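To start, the structure itself, in structure tokens.
The values are calculated or read from the model by the stated rules, or taken from the named source; none is laboratory data. Quick caveat, the model's predicted, so the values are computed rather than measured. Cβ placement follows ideal geometry from the backbone for every residue including glycine, while neighbour counts extend to all protein chains displayed.
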Amino acid sequence: MSTEPVPAASASDPGDAVDAILSATGVSKIFGGLVAVDSVDFKIPRGAIVSIIGPNGAGKTTFFNMLTGLYKSDRGRVEFDGVNITNERPDIITKLGVARTFQNIRLFGTMSALENVMVGQHARMRSGLFGSIFRPPWTRREEVDVREKAEETLKYVGLRPALMHQMSVNLSYGDQRRIEIARALASEPKLLLLDEPTAGMNPEESARLTAFMRKLRDERALTILLIEHDMKVVMGVSEQITVLDHGEKIAEGSPQEVRHNERVVEAYLGSREARAVQAED
Amino acid sequence: MATARPVGARNPVAETTHAIRERIRSDRRLAWALALVVLVLVILLPYAFDPASPFVDHCVTALAYVVMALGLNIVVGFAGLLDLGYVAFFAIGAYTAGWFASAFFATVNGGKGIHILTGTLAGAQPGIHLNFILVLIVAVILTAIAGILIGLPTLRLRGDYIAIVTLAFGEIVRVVAVNGQSIHLGGTNTLTAGRQGITPIDSPELPGMSAFSPLDLRPWYFTALVLVLIVVFVNFRLRDSRLGRAWIAIREDEIAAASMGVPLVKTKLMAYATGAGFGGIAGAFLASYLNTVNADQFEFSFSIFVLAMIILGGIGNIVGVMVGAIVLSFVNVWLIPDVLHDVPSKLGLNFDLTELSFGIFGFLLVIMMVLRPEGLIPERRRQIELTEGVGTDEALFEVRS
Amino acid sequence: MEAAALPVRRALRSSVGTAIRKFLNRYGLIIALLALPVYFGIHDLVNQHSLTHIFENLKDGVSNGAIWALVAIGYTLVYGIVELINFAHGEVFMIGSFVSFSVWSTIGLTLTTGALGVVFGLIVTLFVAMIASGSMNVLIERVAYKPLRNAPKLAPLITAVGFSFILQNVGLEWYGGSQKGVDDLIRAQTDFFTIGGVHITHADVLAVAVTTPLVLLLAWFITKSRLGKAMRATAQDPEAARLMGINVDTTISATFLIGGLMAGAAGLIYALYQTTIWFFQGFQAGLIAFTAAVMGGIGNIWGAVLGGVIIGCIQQIADDRMGGGTWTAAIVFAYLVLIMVFRPQGLLGEETREAG
Ligand SMILES: Nc1ncnc2c1ncn2[C@@H]1O[C@H](COP(=O)(O)OP(=O)(O)O)[C@@H](O)[C@H]1O
Ligand SMILES: [Mg+2]
């Protein structure tokens, strides 16, 4: 392993003793000549909130895409909840219990907030061609349940009820972020991946989202993996932080450990984030 | 930007129609009442004409085209997959009738023929003769399978490549139909009768309906109407279902759709299969109605004819597609040949207008796509996707490769 | 026990599957392309103890392929730059043939015209046909594609199909619905020379002699000229090109113009080569040429040439030996489907396309 071993702190030890809901071993992705992710080992303890940080272009989103099946990894293995999901199709991974949001919001533009969240439940629904056409009682019931659950989820993420039937393209950025999280939650995930969820939010909104993530984890027994630029959010919410730079994992550990890691400071040196890291001290 | 239409311009006609449409959309009972009125009128319509009149004939054809257009609408309108080879399903459906409801396979069963639930007319002939309903069912099964087979290889392609591959499949089916006389199936039986055509085809013999004949077109009309009602029902149900939502999701952003748990292959294949099935039903019906299955019916231009119906009416809008299909089929079978045919000569020009019909449809496609891509009766989502560029053409397989 | 054994077997199967798929990905298309010539070559060797027949087929394939290559270049350039299948391109080629015939009839070329007159007249015809097809293509771009540049891809493809129908109808009204025989100005089927029993005819020489300099000129133009560089930059990234001060609209129009010029030249060669023209010639030619473009790797000029020659050979073999040409269309289309499915990047295309 190329990564420098970080002194283990018991709470965030990613070692074998911990029950890992997801583990990636030696995962790599190469675009043309560019090694976007370079044999990264990574574990998420069940029930934890874990972050991946790193400068722009470090390979964070690419890593996410490999975990969720959008990219095929060139090397390595990913296991989720004891199942090998390496290079599995995205819909199958979602069905197994991994849900995500996108860095650049990808809602279904002409669908209402509610319909977006209903699509999120696709993997948990059963009605097929027959059910869709003939609409037997169980399909009707399923539709009603799905609609109710979508409403409930949207309320849970704090969307104003008046906006539920609005077309999602017409909604504000913040509301779109909420809907995207609701859509992900609707698929009943065990693991939720959020790609820069606070991008474009003001400090107040970010703080609210941070609190919401904790609430999610506690109320819904979720494990959360976060890509985040806002150090305040990262340091405040994460139990474990993994730092990527140029596709390589350069550090891992508790917020305290990562903050003082030399390579991390080096990677961030001069950048806005570096000052943020230091300021947290 | 795609649309140069002035947004603020006040057009009284457009505003009124918009208001009426909003009213109908918001008031379900009004919508049902309107539908019922239309249905009653449509049922009474053939009684206002002679049972063998050309008008009823045109209506039967138009209804069959409605079935086809709404079938294609599932693929193009709902799932957003541009299929330029839809004629293949018309062909396979028609050949189903040719194979299983005519004397074409004259030597089967030692020349005695095979008869299943057929009436007295077909019962005495050699060849395979299935009851009309069975023919339709077989047509649906065969075309759905064909739809899946044609769909499968296109699934890893981008939208425009899908269009070309489906076109190629349509042409392959046509070439096979044309050359089917040289494909021997054992004995003297061949796959098709090529350009000569398989004829005659059994007319349906259904209990409780008067005889299907060229002299009384009403039974044909009502059969076609029932088929239309079925396809309309299926279109509406699919549109507002789990599958319908998945199709919208796929067509707007298939990467996000897959990430939300929508299996792309299965969902797209369901669109192909159902769309193809209706093409097959319409094909089998038309074969029986026209009393022939001729390889020349299955040209590429027919696929474009059906596509033009959808574009004209309003891609994805069920009512719009019906209107588009009826309008274009009347343009094709009545307006151009019967009404406008002597216009060029009156203007001192020397050409045959019927030759131009496909140029006219081509012109229509260009004009519609440039000026009003959402069609005469737009579907709200499609309008936004087409005019405001909502959604992405990015394909999952490309990202995954 | 079973639970333990299963993943192993699955892994094994998938690794064998992956190996097979890799092999097919790399060589499958080439194997499929060689299948017909090799089969008939062996067939000839066994039955006739000579390869003259298959060489004759391949020679015809190369000269026909030269025509397809010129048409395919139009598809490949346009797709490379605006990612649009210019479905009307086959009809632009057809218009090239039609214009050629009417020009040479107008300037009075007939079977009795002397050799020098024919050469000079045909050079004039070539220029007119190229310019006619080129401007036609630019017109189509302006009317049917440009307004839809931000719409979903489906939209311009539909207008393209619409335009192809309009042009077919123009052709239909122009010279009627059936194949029209035209003057055999160059005595197309007369031997120029014979080599090893293979007859090289005037038509073959014409096709290769017109296509080769055009393609070389084009390749030079694209790599060396300012406009060519602008075209390549726009193909790579239109947004970046715009920022660099390239006029993207002009560049796109120029691309259509060049594609049309090539199609016009192809139209003239086709008319002289086949000595018949008809309004429907563009449909099949268009699909064959598109197949060639995809086969070579879309966006790549040399790919279009390679694809054109290969598909020309396949088409000639099918024409000559399989049901008197009745199956040719189906065979070409079957290749199209195979390529699209198993190697959409084509022979000379890159291994993968990276999407943002
Ligand atoms: N589909 C792709 N094709 C080519 N390069 C890509 C692709 N996706 C990401 N990259 C490259 O990989 C690197 C990592 O990108 P990304 O994972 O988005 O970084 P981050 O999310 O950490 O900012 C970048 O250099 C980016 O340009
Ligand atoms: Mg990122």
Subject >> From B:Glu374, B:Glu385, residue being in a loop (DSSP other than H, G, I, E, B), surrounded by 16 or more Cβ atoms within 10 Å (Cβ to Cβ) and at pLDDT 85 or above >> reply: B:Glu374
Original post:
Would a scan of region B:360-382 turn up a residue that is facing chain C (nearest Cβ under 8 Å), closer than 29 Å to A:His165 by Cβ, of a type outside the set (Gly, Ala, Ser) and in contact with a Ser or Thr (Cβ under 7 Å, 6 or more places away or on another chain)?
Top reply: yes
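Name the single residue, out of those in region B:388-399 being within 16 Å of ligand 1 (Cβ to nearest atom) and surrounded by fewer than 22 Cβ atoms within 10 Å (Cβ to Cβ), that is farthest from B:Leu157 (Cα to Cα). Outline the logic, then answer.
Keep residues of region B:388-399 that are within 16 Å of ligand 1 (Cβ to nearest atom), which gives B:392-399.
So of that shortlist, the ones also surrounded by fewer than 22 Cβ atoms within 10 Å (Cβ to Cβ) come out as B:392-395, B:397-399.
Details: B:Thr392: 15, B:Asp393: 11, B:Glu394: 11, B:Ala395: 8, B:Phe397: 8, B:Glu398: 8, B:Val399: 12 Å.
By that ranking, first place goes to B:Thr392.
When you go through A:Gly15, A:Gly47, A:Gly33 one by one, which is the residue that is modelled with pLDDT under 95, out of contact with any Phe, Trp or Tyr (no Cβ under 9 Å at 6 or more places or on another chain) and on the phi > 0 side of the Ramachandran plot? Working first, answer last.
Values: A:Gly15 fails: on the phi > 0 side of the Ramachandran plot; A:Gly33 fails: on the phi > 0 side of the Ramachandran plot.
Testing whether each residue is modelled with pLDDT under 95, out of contact with any Phe, Trp or Tyr (no Cβ under 9 Å at 6 or more places or on another chain) and on the phi > 0 side of the Ramachandran plot leaves just A:Gly47.
Looking at region A:168-191 only, could you name the residues that are in a helix (DSSP H, G or I) and hydrophobic (A, V, I, L, M, F, W, C)? Steps first, please.
Restricting attention to region A:168-191, the residues satisfying the condition of being in a helix (DSSP H, G or I) are A:168-170, A:173-186.
If the condition is that a residue be in a helix (DSSP H, G or I) and hydrophobic (A, V, I, L, M, F, W, C), then A:Val169, A:Ile179, A:Ile181, A:Ala182, A:Ala184, A:Leu185, A:Ala186 are the ones that fit.
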**OP:** Being more than 18 Å from A:Arg178 (Cβ to Cβ) and either within 14 Å of another protein chain (Cβ to nearest Cβ) or part of a loop (DSSP other than H, G, I, E, B) (or both) is the filter; apply it to region A:215-255 and report the residue that is farthest from ligand 1 (Cβ to nearest atom).
**Re:** A:Ala221
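Taking the conditions exactly as written (facing another protein chain (nearest Cβ under 10 Å), over 13 Å from the mean Cα position of the chain (by Cα) and assigned to a loop (DSSP other than H, G, I, E, B)), does B:Val234 satisfy them or not?
Working: facing another protein chain (nearest Cβ under 10 Å): yes; over 13 Å from the mean Cα position of the chain (by Cα): yes; assigned to a loop (DSSP other than H, G, I, E, B): no.
In short, no.
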Original post:
Which condition number does A:Pro137 fail, the rest of (1) more than 8 Å from chain B (Cβ to nearest Cβ); (2) buried (at least 18 other Cβ atoms within 10 Å of the Cβ) being met?
Top reply: (2)
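Given the residues A:Glu152, A:Glu142, which is the only one that is closer than 19 Å to B:Leu238 by Cβ and free of Cβ contacts under 8 Å to residues at least 24 places away in the same chain? Spell out the reasoning first.
On the way: A:Glu152 fails: closer than 19 Å to B:Leu238 by Cβ.
Testing whether each residue is closer than 19 Å to B:Leu238 by Cβ and free of Cβ contacts under 8 Å to residues at least 24 places away in the same chain leaves just A:Glu142.
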Subject >> Selected residue (criterion: farthest from A:Gln256 (Cα to Cα)) from residues of region A:32-61 that are near ligand 1 (Cβ under 7 Å from one of its atoms) and buried (at least 24 other Cβ atoms within 10 Å of the Cβ) >> reply: A:Gly59
**OP:** Could you please find all residues in region A:56-107 being more than 14 Å from chain B (Cβ to nearest Cβ), more than 12 Å from ligand 2 (Cβ to nearest atom) and among the basic types (Lys, Arg)?
**Re:** A:Arg75, A:Arg77
**OP:** Please report, ordered by residue number, the helices (runs of 4 or more DSSP H) entirely within region A:87-136 with at least 2 residues that are under 19 Å from A:Glu148 (Cβ atoms) and under 21 Å from the mean Cα position of the chain (by Cα).
**Re:** A:113-120
Original post:
How many residues, within region A:108-124, are within 8 Å of chain B (Cβ to nearest Cβ) and farther than 15 Å from A:Glu143 by Cβ?
Top reply: 5
**OP:** Give the residue that is nearest to the other protein chains (Cβ to nearest Cβ), with candidates limited to residues of region C:309-336 that are touching a Pro at 6+ places or on another chain (Cβ under 9 Å) and aliphatic (A, V, I, L, M).
**Re:** C:Ile314
**OP:** Could you please let me know if C:Asp183 is in contact with a Ser or Thr (Cβ under 7 Å, 6 or more places away or on another chain) and not in a helix (DSSP H, G or I)?
**Re:** yes
Original post:
Any chance region A:146-167 includes a residue that's over 22 Å from B:Leu243 (Cα atoms), part of a helix (DSSP H, G or I), within 16 Å of ligand 2 (Cβ to nearest atom) and outside the structural domain of A:Gly59 (by TED's automatic domain parsing)?
Top reply: no
**OP:** State the number of residues belonging to region C:42-76 that are under 22 Å from the mean Cα position of the chain (by Cα) and among the polar types (S, T, N, Q).
**Re:** 4
Original post:
How many residues are assigned to a helix (DSSP H, G or I) and either touching a strand residue (DSSP E or B) at 6+ places or on another chain (Cβ under 8 Å) or more than 9 Å from chain C (Cβ to nearest Cβ) (or both) if we restrict to region B:342-356?
Top reply: 6
Original post:
Quick one: A:Asp145 ticks every box in (1) closer than 17 Å to B:Met260 by Cβ; (2) more than 8 Å from every other protein chain (Cβ to nearest Cβ) bar one, so which box is it?
Top reply: (1)
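Condition check ((1) within 14 Å of chain B (Cβ to nearest Cβ); (2) assigned to a helix (DSSP H, G or I); (3) surrounded by 24 or more Cβ atoms within 10 Å (Cβ to Cβ); (4) hydroxyl-bearing (Ser, Thr, Tyr)) across all residues:
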{"site": "C:Ala69", "(1), (2), (3), (4)": "no, yes, yes, no"}
{"site": "C:Ala72", "(1), (2), (3), (4)": "yes, yes, yes, no"}
{"site": "C:Gly90", "(1), (2), (3), (4)": "yes, yes, yes, no"}
{"site": "C:Thr112", "(1), (2), (3), (4)": "no, no, no, yes"}
{"site": "C:Thr125", "(1), (2), (3), (4)": "no, yes, yes, yes"}
{"site": "C:Met130", "(1), (2), (3), (4)": "no, yes, yes, no"}
{"site": "C:Gly134", "(1), (2), (3), (4)": "no, yes, yes, no"}
Subject >> Residue that is nearest to the other protein chains (Cβ to nearest Cβ) [pool: residues in region A:194-214 that are within 16 Å of ligand 1 (Cβ to nearest atom) and not in a loop (DSSP other than H, G, I, E, B)] >> reply: A:Asp195
Subject >> Among (1) more than 16 Å from C:Val82 (Cβ to Cβ); (2) out of contact with any Gly (no Cβ under 7 Å at 6 or more places or on another chain); (3) in contact (Cβ under 8 Å) with a residue 24 or more places away in the chain, the one test that C:Arg142 misses >> reply: (1)
Original post:
Given the structure, is C:Val78 free of Cβ contacts under 8 Å to residues at least 60 places away in the same chain and either closer than 21 Å to C:Val215 by Cα or in contact with a strand residue (DSSP E or B) (Cβ under 7 Å, 6 or more places away or on another chain) (or both)?
Top reply: no
**OP:** Go through (1) farther than 24 Å from B:Ile255 by Cβ; (2) surrounded by fewer than 21 Cβ atoms within 10 Å (Cβ to Cβ); (3) modelled with pLDDT under 95 one by one and return the number of the condition A:Ala199 breaks.
**Re:** (1)
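Residues are listed down the side, and each one gets a yes or a no for (1) within 23 Å of B:Phe100 (Cα to Cα); (2) within 8 Å of chain C (Cβ to nearest Cβ); (3) not acidic (Asp, Glu):
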| site | (1), (2), (3) |
| --- | --- |
| B:Leu152 | no, no, yes |
| B:Gly159 | no, yes, yes |
| B:Ile162 | no, no, yes |
| B:Phe169 | no, yes, yes |
| B:Val175 | yes, yes, yes |
| B:Asn179 | yes, yes, yes |
| B:His184 | yes, no, yes |
| B:Gly187 | yes, no, yes |
